[in-house]
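The values are calculated or read from the model by the stated rules, or taken from the named source; none is laboratory data. Worth saying up front: this structure is predicted, and the values here are computed from it rather than measured. So basically every Cβ, Gly included, is an ideal-geometry build from the backbone, and we count neighbours across all protein chains shown.
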Amino acid sequence: MTNHEKDLQAMQKRVDQFIGQFEEGYFSPLAMMARLTEELGELSREVNHYYGEKPKKTTEKEKLMEEELGDLFFVLITFANSLDIDLSDAFNQSMSKIETRDQNRWTKKK
């Protein structure tokens with residue numbers, strides 16, 4: 001097991017310990033999907049403000065991309081935990097697929 005896998009498992013455990021202290025526990029998968037979509041929308045809004053044509057209103061609070069990515073990542077971890085999915089395994093499966101499928105898709109650096 002790599003250090004990154006250990007880190008990810010530690011993050012999943014930390015989130016589980018936090019959620020586990022509350023009677024309500026994890027939300028349903030449908031509610032988790034709604035939360036994930038909500039956080040993705042907030043990240044999209046920030047990307048649009050920084051890189052798009054839509055400036056922030058003068059009344060809008062300044063947010064960092066890191067904050068929005070962190071929120072999105074937290075919700076993704078809670079979603080995975082609620083479905084008993086090991087994100088290290090999920091990531092490794094995806095990377096293996098992508099590394100095989102896309103290995104010759106783009107121009108490699110020399």
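Data overview
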quantity: Pairs where the first residue, in the stretch 52-69, is under 17 Å from GLY41 (Cβ atoms) and the second is surrounded by 13 or more Cβ atoms within 10 Å (Cβ to Cβ) and polar (S, T, N, Q), C-beta under 6 Å, 6+ apart; calculated: LYS54/ASN48
quantity: Identity of the residue in the stretch 8-33, among the small types (Gly, Ala, Ser) and outside any helix (DSSP H, G or I), that ends up nearest to LEU83 (Cα to Cα); calculated: SER28
quantity: Selected residue (criterion: modelled with the highest pLDDT) from residues of the stretch 43-83 that are hydrophobic (A, V, I, L, M, F, W, C) and either in a loop (DSSP other than H, G, I, E, B) or surrounded by fewer than 10 Cβ atoms within 10 Å (Cβ to Cβ) (or both); calculated: LEU83
quantity: Condition met for THR107 (outside any loop (DSSP other than H, G, I, E, B) and among the hydroxyl-bearing types (Ser, Thr, Tyr)); calculated: no
quantity: From LEU40, LEU36, residue being assigned to a helix (DSSP H, G or I) and over 13 Å from THR78 (Cα atoms); calculated: LEU40
quantity: Checking LEU40 against (1) more than 10 Å from the chain's Cα centre (by Cα); (2) over 20 Å from LEU8 (Cα atoms); (3) surrounded by 12 or more Cβ atoms within 10 Å (Cβ to Cβ), the condition it does not meet; calculated: (1)
quantity: TYR26 vs. criteria of a type outside the set (Gly, Ala, Ser), in contact (Cβ under 8 Å) with a residue 24 or more places away in the chain and surrounded by 10 or more Cβ atoms within 10 Å (Cβ to Cβ); calculated: yes
quantity: Lone unmet requirement of (1) under 24 Å from ASN92 (Cβ atoms); (2) charged (D, E, K, R); (3) free of Cβ contacts under 8 Å to residues at least 40 places away in the same chain for ASP16; calculated: (3)
quantity: Residue in the stretch 24-36 that is on the phi > 0 side of the Ramachandran plot and among the small types (Gly, Ala, Ser) present; calculated: yes
